[in-house]
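Below is one structure, written out as structure tokens, with a few remarks after it.
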Amino acid sequence: MPLDSELNIAALLLAAGRGERMRPLTDHTPKPLLAVHGKSLLQWRMEALLRGGFHRAVINTAWLGELIEAQCGASFSAPACSPLPLQLDYSREGRDFGQALETAGGISRALPLLGEVFWVMASDIYAPDFVFDPADVQRFLRGNMLAHIWLVPNPEHNPAGDFGLDANSGLALNTPKGSDTPRFTFSTVGLYRKALFMPPWCDTPPGNPQGTRAALAPLLRAAMEQQRVSAALYTGAWTDVGTPERLALLNADERR
């Protein structure tokens, strides 16, 4: 089966949110451009993609999106990670609709820029050890899952978790809160098939021409009920940089 250089697998970096909980830091700086250990959160994601051998990404923007585009441009280079640059496209939700479209709405809007299979991850997550592995793409392509997502142990701010995981089958489970089955937190990282964002799973037309806001969780839960979502547990360093306090703690921790 061909590798990424032939498949040209793209990644969608979610960068459209307002970052309300990060104010006042995000009043003049979009959250993905906030720095951890001297690099923007967005740069950490882009370098990881390059190290994995992936060279095409789409960034969706809304709040202060012009600053993201001005800083990143049409490509991102990190010779220490890859001799080839990361080619960048933009899905400009703020310019086109005046607001962010939430996760599924943003994916639907960017769908014409993506392929049949693509990565998605939030650009404001700090996960320096996560590897974008072509082998994971190959396994995903050989199967019939609509999505493969990475879960993490529950952080303090999300103690109840989001989804369950069947360790035997590797299936993600729509486990209700209060169940005896452990729930984990969605890391925001996932591999997806375009089909998940088409009928019968998603009612939003490809390209989302009306700018419909839509959440991702209902699509994932519906696909989980049909055993079409697999998952893996990631136990490396992971932080949802959602508050100024979490950002300050990361920058104060030299080990991370």
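The values are calculated or read from the model by the stated rules, or taken from the named source; none is laboratory data. All of these numbers come straight from a predicted model, not from anything done at the bench. Cβ sites come from the backbone with ideal geometry, for glycine too, and all protein chains shown count toward neighbours.
With respect to (1) more than 14 Å from the chain's Cα centre (by Cα); (2) in contact (Cβ under 8 Å) with a residue 40 or more places away in the chain, the lone exception for Gly38 is condition (2). Residues in the stretch 215-230: is at least one among the polar types (S, T, N, Q), over 20 Å from Pro153 (Cα atoms) and in a loop (DSSP other than H, G, I, E, B)? Within the stretch 215-230 (the criterion being among the polar types (S, T, N, Q), over 20 Å from Pro153 (Cα atoms) and in a loop (DSSP other than H, G, I, E, B)), the answer is yes, since at least one residue qualifies. Within the stretch 219-234, can you find the residues that are in contact (Cβ under 8 Å) with a residue 40 or more places away in the chain and not polar (S, T, N, Q)? If the condition is that a residue be in contact (Cβ under 8 Å) with a residue 40 or more places away in the chain and not polar (S, T, N, Q), then Leu219, Leu220, Arg221, Ala223, Met224, Glu225, Arg228, Val229, Ala231, Ala232, Leu233, Tyr234 are the ones that fit.
Restricting Asn208, Asn174 to residues that are in contact (Cβ under 8 Å) with a residue 40 or more places away in the chain and on the phi > 0 side of the Ramachandran plot narrows the list to Asn208.
Taking Gly19, is it modelled with pLDDT under 95 and under 17 Å from the mean Cα position of the chain (by Cα)? Here the answer is yes, as Gly19 does meet what is asked. Any residue at all in the stretch 146-157 that's modelled with pLDDT under 95 and buried (at least 19 other Cβ atoms within 10 Å of the Cβ)? Taking every residue of the stretch 146-157 in turn, none turns out to be modelled with pLDDT under 95 and buried (at least 19 other Cβ atoms within 10 Å of the Cβ). The strands (runs of 3 or more DSSP E) found entirely in the stretch 91-201 that carry 1 or more residues being basic (Lys, Arg) are 183-193. Checked against the criterion of being modelled with pLDDT of 95 or more, surrounded by 19 or more Cβ atoms within 10 Å (Cβ to Cβ) and either in contact with a strand residue (DSSP E or B) (Cβ under 7 Å, 6 or more places away or on another chain) or under 28 Å from Leu249 (Cα atoms) (or both), the candidates Ser123, Ser91, Ser108 yield just one match: Ser91. Just checking, does the stretch 58-73 include any residue being without any contact (Cβ under 8 Å) to a residue 60 or more places away in the chain, of a type outside the set (Gly, Ala, Ser), on the phi < 0 side of the Ramachandran plot and in a loop (DSSP other than H, G, I, E, B)? Yes, the stretch 58-73 has at least one match.
Could you check how many residues of the stretch 94-105 are in contact with a Leu (Cβ under 9 Å, 6 or more places away or on another chain) and surrounded by fewer than 21 Cβ atoms within 10 Å (Cβ to Cβ)? So the answer is 2.
Looking for something within 30 Å of Pro128 (Cα to Cα) and of a type in the set (Gly, Ala, Ser) - is there at least one such residue anywhere in the stretch 218-225? So far as the stretch 218-225 goes, yes, one or more of its residues are within 30 Å of Pro128 (Cα to Cα) and of a type in the set (Gly, Ala, Ser). Checking each residue in the stretch 195-204 for being under 17 Å from Gln227 (Cα atoms) and touching a residue at least 12 places away in the same chain (Cβ under 8 Å) picks out Ala195, Leu196, Phe197, Trp201, Cys202. Restricting attention to the stretch 194-240, and to residues there that are surrounded by 14 or more Cβ atoms within 10 Å (Cβ to Cβ) and charged (D, E, K, R), which single residue is farthest from Gly115 (Cα to Cα)? The residue in question is Asp240.
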